[in-house]
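Each remark here refers to the structure printed beneath this line.
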């Protein structure tokens with residue numbers, strides 16, 4: 001059974017909504033100082049996001065680029081979305097390396113965590129905008 005790109009995009013949207021709920025819950029746990037539960041939640045969310053990128057977002061984007069004719073401006077919007085997403089993944093990996101003692105950090109780790117959460121929300125909003133532009137509008 002072949003799944004079309006629009007179905008992949010809708011599946012990704014569902015995964016991203018689930019992830020925003022999970023990561024918001026993790027942020028709440030951190031605020032309550034339940035750091036063990038926070039870390040465990042994030043260690044589940046990050047691989048899910050990486051799997052979603054590799055298995056859903058990339059094929060969906062490639063399918064759209066193959067069959068669509070995006071403008072230069074729209075390609076810039078896609079690039080912005082992907083740059084934000086890659087920055088979030090890099091920050092999440094870095095945060096885990098700090099917790100594992102592999103990397104050191106010069107600022108409060110909470111600042112880096114808040115930055116990654118903020119960038120992730122921006123990437124999510126940009127992705128939602130792109131979804132609407134491609135599949136609804």
Restricting attention to the range 1-19, and to residues there that are exposed (fewer than 14 other Cβ atoms within 10 Å of the Cβ) and modelled with pLDDT of 85 or more, which single residue is nearest to residue 126 (Cα to Cα)? 17
Residue in the range 108-122 that is outside any helix (DSSP H, G or I) and either over 19 Å from the mean Cα position of the chain (by Cα) or free of Cβ contacts under 8 Å to residues at least 12 places away in the same chain (or both) present: yes
Within the range 43-64, identify whether any single residue is surrounded by 13 or more Cβ atoms within 10 Å (Cβ to Cβ) and not in a helix (DSSP H, G or I), and answer yes or no. no
Evaluate the following for residue 81: is it surrounded by 15 or more Cβ atoms within 10 Å (Cβ to Cβ), under 18 Å from the mean Cα position of the chain (by Cα) and touching a residue at least 40 places away in the same chain (Cβ under 8 Å)? yes
Does residue 112 qualify as being surrounded by 14 or more Cβ atoms within 10 Å (Cβ to Cβ) and farther than 22 Å from residue 51 by Cα? yes
Could you tell me whether residue 13 is assigned to a helix (DSSP H, G or I), in contact (Cβ under 8 Å) with a residue 24 or more places away in the chain and under 13 Å from residue 117 (Cα atoms)? no
Output yes when any residue across the range 96-105 is buried (at least 18 other Cβ atoms within 10 Å of the Cβ), touching a helix residue (DSSP H, G or I) at 6+ places or on another chain (Cβ under 7 Å) and in a helix (DSSP H, G or I), and no when none is. no
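The values are calculated or read from the model by the stated rules, or taken from the named source; none is laboratory data. Because the structure is predicted, anything quoted here is derived from the model rather than measured. No Cβ is skipped: glycine too gets one built from the backbone with ideal geometry, and neighbour counts run over all protein chains shown.
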